[in-house]
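Take a look at the structure set out below.
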Amino acid sequence: MLALIVEDHPNDLHIAAKAAEACGFSQIEARSSAVMARAYLEKSLEEKRALPDAIVLDLDLGYDSGFELLRFWHSNPELAKIPLVVWTVLGDQYREICRMFKVSAYVYKGEDISVLRQVLSGLSGVPA
């Protein structure tokens, strides 16, 4: 299983990758910006390569915005089939926006990492 993790902080990327690996995602693609993640997804679609089985997206990407990738994912029917988990430090005021975009889960980074593992486990079918 392949997970795309979009995260600009190296430590958080490492944490998310370890959580995904523990839940059965054997391949991890990491991108530090929404622009790079979108280019990866566009190229995968264009070349008919395997798409990720799940996307973990931070909304606050420093100079970039995860909301741009969220809009792109939501607007593309083939991509919108991929479960997308928002994992962010942004507060609950963004949870409703994510619900409107039909994300699979919204996980606050301040919560224990077991919450992210539990969500990813539910997507992979592999117990955390």
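Within segment 68-96, track down each residue that is assigned to a helix (DSSP H, G or I) and out of contact with any helix residue (DSSP H, G or I) (no Cβ under 8 Å at 6 or more places or on another chain).
Listed by number, the residues that qualify are R71, S75, P77, D92, Q93, Y94, R95, E96.
Every residue, every condition in (1) modelled with pLDDT under 90; (2) under 16 Å from D12 (Cβ atoms), yes or no:
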position	(1), (2)
D58	no, yes
R71	no, no
H74	no, no
K81	no, no
V86	no, yes
L90	yes, yes
Q93	yes, no
R99	yes, no
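For segment 58-67, which positions are open to solvent by 10 Å² or more (accessible area, probe 1.4 Å) and in a loop (DSSP other than H, G, I, E, B)?
G62, Y63
Here is a check on your reading of the model: is Y94 touching a residue at least 12 places away in the same chain (Cβ under 8 Å), open to solvent by 60 Å² or more (accessible area, probe 1.4 Å) and over 14 Å from the mean Cα position of the chain (by Cα)?
Numbers: touching a residue at least 12 places away in the same chain (Cβ under 8 Å): yes; open to solvent by 60 Å² or more (accessible area, probe 1.4 Å): yes; over 14 Å from the mean Cα position of the chain (by Cα): yes.
Considered against the rule, which asks whether it is touching a residue at least 12 places away in the same chain (Cβ under 8 Å), open to solvent by 60 Å² or more (accessible area, probe 1.4 Å) and over 14 Å from the mean Cα position of the chain (by Cα), Y94 comes out as yes.
Any residue at all in segment 32-46 that's touching a Phe, Trp or Tyr at 6+ places or on another chain (Cβ under 7 Å), within 24 Å of G110 (Cα to Cα) and either surrounded by fewer than 18 Cβ atoms within 10 Å (Cβ to Cβ) or touching a residue at least 24 places away in the same chain (Cβ under 8 Å) (or both)?
Taking every residue of segment 32-46 in turn, none turns out to be touching a Phe, Trp or Tyr at 6+ places or on another chain (Cβ under 7 Å), within 24 Å of G110 (Cα to Cα) and either surrounded by fewer than 18 Cβ atoms within 10 Å (Cβ to Cβ) or touching a residue at least 24 places away in the same chain (Cβ under 8 Å) (or both).
Check L123 against each of (1) surrounded by fewer than 16 Cβ atoms within 10 Å (Cβ to Cβ); (2) touching a strand residue (DSSP E or B) at 6+ places or on another chain (Cβ under 7 Å) and name the one condition it does not meet.
All conditions are met except number (1).
The values are calculated or read from the model by the stated rules, or taken from the named source; none is laboratory data. This structure is a prediction, so every number in the text was calculated from the model and none was measured. No Cβ is skipped: glycine too gets one built from the backbone with ideal geometry, and neighbour counts run over all protein chains shown. Calculation scope for accessible area: heavy atoms of the full protein, side chains included, ligands and nucleic acids excluded. Shrake-Rupley method; radii C 1.70, N 1.55, O 1.52, S 1.80 Å.
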